[in-house]
Structures are given as C-alpha cells and as structure tokens.
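Trainee: Have a look at the structure that comes next, please.
The values are calculated or read from the model by the stated rules, or taken from the named source; none is laboratory data. On a predicted model such as this, the values are computed, not experimentally measured, just so you know. For neighbour counting, all protein chains shown are included, and Cβ atoms are generated from backbone atoms with ideal geometry for every residue, glycine included. We work out accessible area using only protein heavy atoms, side chains counted, and drop any ligands, DNA or RNA first. Shrake-Rupley method; radii C 1.70, N 1.55, O 1.52, S 1.80 Å.
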Amino acid sequence: AGIAPVALTQPTPNSEEPQSSVRANLEDGLLDAMIGLEALLSDSNQEMTHKIALRMAGLYKLITPERASDVFRELKAIYKLRSKIVHGADFDIDETLDRGASRVRVVDAAVEHLRAALRTLIEHREYLDVVRIDRELLLGA
C-alpha cells in the first residue's frame, strides 16, 4: 500500500491577487514540506541533504520497497529546488520529476514524501529515533 500522490493546487489569480502571491503558495509548500522532513529525519546539519534522502528511502522500504532508490533520487532533486528558492537563484516552481511513464511536480513530490514519512513514523514509532533508521533499515544491523 503506497502513499497516494498529492497535488498542491495553485489558486487562480484574479484581478485583486498579484501573480507573485500565487507562486509563493507553491514555494511555501515546498519549503514547509522540507522543514517537516528535516524535523523528522535529521540529527545534525552535517550532510543533511544526503542523510534525509537516505533515511526517506529507508522508510520507503517499509511501505513501498521497490520505490526506495527512486525516492532517494527524488529527495535530491527536491533539495536542489529548495536550495534555489532559499538562496534566490532562478528556478521553475513547476519543475517536474520523471516517474517512468509519468511526471510529477517537485513540489507535489515533496509533500507526498512528507506525508509518507509522517504516516510511516506514526505506524513505526521506533524510527522516530533516526539512528534506528540508519542501523536497521539502511545497514540491516
């Protein structure tokens, strides 16, 4: 039973709502999802991107094992977009990820993975200790 994809919706701009406020909703959604994943899966600022990508892939071994390596790749792409937003570089908020026969927006993938992490950690509370994710799911010890 995999995690159902989620799509962040962009409100339709009207004459009273500038286009920039529409974009901010998606940017905020991506940043909020990454803050959530960092809170759940990090233990320090060292190599945070790599650790969170690995740990999220480890959690997927519990729910959809065949997606674990793709999830690792997706988390790296999500962090790349997050970095562009945070550091003021040019970015495309509608950037997508390849999922074989389909594509998903990076923003939507970020929220999907946060939901997966929350659901998995609620069901498997022992992995709230990220060292156990490393030891048991990643190293198999």
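Trainee: Considering (1) farther than 25 Å from Arg125 by Cα; (2) at pLDDT 85 or above; (3) over 16 Å from the mean Cα position of the chain (by Cα), say which one Ser15 fails and leave the rest.
Mentor: (2)
Trainee: Oh, and also: Starting from residues that are among the β-branched types (Val, Ile, Thr) and open to solvent by less than 50 Å² (accessible area, probe 1.4 Å), keep the ones in the stretch 107-122 and report whichever is farthest from Ala68 (Cα to Cα).
Mentor: Of the residues in the stretch 107-122, the ones among the β-branched types (Val, Ile, Thr) are 107, 111, 120, 122.
In the following step, the residues that additionally are open to solvent by less than 50 Å² (accessible area, probe 1.4 Å) were identified as 107, 111, 120.
Values: Val107: 19, Val111: 16, Thr120: 14 Å.
Checking each candidate, the answer is Val107.
Trainee: Could I ask something else about it? Count, please, the residues in the stretch 60-71 that happen to be farther than 14 Å from Asp134 by Cα and either of a type in the set (Phe, Trp, Tyr) or surrounded by fewer than 15 Cβ atoms within 10 Å (Cβ to Cβ) (or both).
Mentor: So the count comes out to 3.
Trainee: Let me ask you something else. For residues that are open to solvent by 50 Å² or more (accessible area, probe 1.4 Å) and among the charged types (D, E, K, R), scanning just the stretch 84-106, find the one that is nearest to Leu26 (Cα to Cα).
Mentor: Asp94
Trainee: Could you give me the residue pairs with C-beta distances under 7 Å whose first residue belongs to the stretch 122-133 and is closer than 11 Å to Asp43 by Cβ, whose second residue is open to solvent by less than 90 Å² (accessible area, probe 1.4 Å) wherever it lies, and which are 6+ apart or on separate chains?
Mentor: If the second residue must be open to solvent by less than 90 Å² (accessible area, probe 1.4 Å), the pairs left are Val130/Leu41; Val130/Asp43; Val130/Arg55; Ile133/Arg55; Ile133/Gly58; Ile133/Leu59; Ile133/Tyr127.
Trainee: Which of the following residues is more than 17 Å from Asp94 (Cα to Cα), at pLDDT 85 or above, under 13 Å from the mean Cα position of the chain (by Cα) and exposed (fewer than 14 other Cβ atoms within 10 Å of the Cβ): Ala57, Ala39? Give the derivation first.
Mentor: On the way: Ala57 fails: exposed (fewer than 14 other Cβ atoms within 10 Å of the Cβ).
Of Ala57, Ala39, the one residue that is more than 17 Å from Asp94 (Cα to Cα), at pLDDT 85 or above, under 13 Å from the mean Cα position of the chain (by Cα) and exposed (fewer than 14 other Cβ atoms within 10 Å of the Cβ) is Ala39.
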